[in-house]
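Engineer: Shown below is the structure under consideration.
The values are calculated or read from the model by the stated rules, or taken from the named source; none is laboratory data. Keep in mind it's a predicted model, so treat the numbers as computed, not measured. We place every Cβ from the backbone using ideal geometry, glycine too, and count neighbours over all the protein chains shown.
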Amino acid sequence: MRDRLKIVDILTQLFWTFLKVNLLSTSGPTSVGLLYHEAVGKLVTEAQFIQAVGLSSVLPGSDALQLAMYIGYAAGGISGGFVSLTASILPPTIIILGVTMILHRLRRESWVSNFVQGLAPAISILMVFTAWKIFDKGSGDTGWFGWLLGIASLLAMWFKLPERIVIILAGMIGVIFLSQ
Amino acid sequence: MNQTNFSVWLKLLWLFLKVNLLSPSGPASIGLLYKEAVGTIMTEDQFVEAVGFSNVLPGSEALKLAMFVGFAAGGVPGVFTALLGAILPPTLMMLVVSAVLQQFQEEHWLKGFVAGMSPAVAALIIVVAWELFRVGQTKIIGRRTFIIAALSVTALWFDLPSPLVLLGAGILGVILFR
């Protein structure tokens, strides 16, 4: 990490990753699937990624930006955080500035919304794959206890308990029962 | 004139600082923003249009919505003011949290916390995935959606790179939903 060239490498990789992720997904939670494949193992560890997703849904404000900040910081310090942030902000900003100026033209060209409509099912499938990997690697060795926690969380969210409370509770249960 | 412009920007900045401190994510901020912005900054029609566009265009939802509202209130400078207000609270908070947590990566309690959190995070992802899959589906586009979903499962099963899968799905969407 002290090698200067390596830091430049990390920052470049962070920039491209977040640029790509923010061009191919429409909001924070939906970018998790793609981000997992791009970042885990290369830029951050599995545990850091889970912290990033968990905490970004717990803290107020945009999930996508918080994910970018956390992963950027974990991979490349403060400069990593700001590079990731910039890369996440660029695509929507440029697009919105474009749209507000040519709004009426774009509305007739429905291919943009068709593109996003086509993305949606693929993103959901990707998210299910990612959810399995996060579950398997994050708590696979905890056996039935992990399954119990997962099913309980799913039920709680199904019945509209706020996600941030479910995630914090699950984490605290982990601190009590799963810290070796 | 400059005086009034300045007060518009200040109001925008304050509005988005508030909304982003009080709501956990993009979709959740819509309700709060509606109350604050409709009638004062933009009409209901403009707001509905902004929400529609935010859902359809790539990138973070909360940011896009903020920029639309900012544009309606104060043109291009309004866009950047709203952006600033939307970016500052979540990222500064996260910067502090990540800086603190990186010091504890090897602690046992943090490992326990992650082990406990991961089933819940997985559950959260599944719930969001389900909502995304269901949103705006009518019976007619249901079959096409299903085709794309099935193809995605196959592609991901064989470890095709996920950006390629998504790009392919988007292009298929352009062809199928025409």
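Engineer: Determine whether region B:138-151 contains at least one residue that is more than 7 Å from every other protein chain (Cβ to nearest Cβ) and either buried (at least 19 other Cβ atoms within 10 Å of the Cβ) or not in a helix (DSSP H, G or I) (or both). Quick ask: steps written out before the conclusion?
Structural biologist: We begin by selecting, within region B:138-151, every residue more than 7 Å from every other protein chain (Cβ to nearest Cβ); these are B:138-144, B:146-147, B:150-151.
Now narrow it down to the ones that are either buried (at least 19 other Cβ atoms within 10 Å of the Cβ) or not in a helix (DSSP H, G or I) (or both): B:138.
Yes; the residues of region B:138-151 include at least one that is more than 7 Å from every other protein chain (Cβ to nearest Cβ) and either buried (at least 19 other Cβ atoms within 10 Å of the Cβ) or not in a helix (DSSP H, G or I) (or both).
Engineer: Is it the case that region B:57-68 has a residue that's at pLDDT 80 or above, under 16 Å from A:Ile50 (Cα atoms), surrounded by 18 or more Cβ atoms within 10 Å (Cβ to Cβ) and basic (Lys, Arg)? First the steps, then the outcome.
Structural biologist: Taking region B:57-68 and keeping what is at pLDDT 80 or above, we get B:63-68.
Then drop every residue that is not under 16 Å from A:Ile50 (Cα atoms), which leaves none.
Looking through region B:57-68, none of the residues is at pLDDT 80 or above, under 16 Å from A:Ile50 (Cα atoms), surrounded by 18 or more Cβ atoms within 10 Å (Cβ to Cβ) and basic (Lys, Arg).
Engineer: Could you figure out which of (1) within 22 Å of B:Pro58 (Cβ to Cβ); (2) in contact (Cβ under 8 Å) with a residue 60 or more places away in the chain; (3) surrounded by fewer than 24 Cβ atoms within 10 Å (Cβ to Cβ) isn't true of A:Phe82?
Structural biologist: (2)
Engineer: Give me the pairs, please: first residue somewhere in region B:23-37 and more than 15 Å from B:Phe53 (Cβ to Cβ), second residue anywhere and modelled with pLDDT under 75 and not in a helix (DSSP H, G or I), beta-carbon distance under 6 Å, and either six or more positions apart or on two chains.
Structural biologist: Final answer for the pair search is B:Ser25/A:Gly28; B:Ser29/B:Ser23; B:Leu32/B:Ser23.
Engineer: Looking at region B:117-134, which of the residues that are modelled with pLDDT under 85 and more than 24 Å from A:Ala68 (Cβ to Cβ) is surrounded by the most Cβ atoms within 10 Å (Cβ to Cβ)?
Structural biologist: Per the stated criteria, the residue is B:Phe133.
Engineer: Further question on the same structure: For residues that are of a type outside the set (Phe, Trp, Tyr) and over 18 Å from A:Ala75 (Cα atoms), scanning just region B:91-109, find the one that is nearest to the other protein chains (Cβ to nearest Cβ). Please lay out each step first, then the result.
Structural biologist: Going through region B:91-109, the residues of a type outside the set (Phe, Trp, Tyr) turn out to be B:91-103, B:105-108.
Checking the rest, the ones that are also over 18 Å from A:Ala75 (Cα atoms) come to B:107-108.
Working: B:Glu107: 9, B:His108: 5 Å.
Out of the qualifying residues, it is B:His108.
Engineer: Need the failing condition index for B:Leu92 against (1) assigned by TED's automatic domain parsing to the domain that holds B:Lys11; (2) surrounded by 20 or more Cβ atoms within 10 Å (Cβ to Cβ), just the number.
Structural biologist: (2)
Engineer: Pick from A:Leu178, A:Leu149: which is within 7 Å of chain B (Cβ to nearest Cβ), among the hydrophobic types (A, V, I, L, M, F, W, C), over 14 Å from B:Ala120 (Cα atoms) and surrounded by 13 or more Cβ atoms within 10 Å (Cβ to Cβ)? Lay out the reasoning, then the answer.
Structural biologist: Numbers: A:Leu149 fails: over 14 Å from B:Ala120 (Cα atoms).
Unique residue meeting the criteria: A:Leu178.
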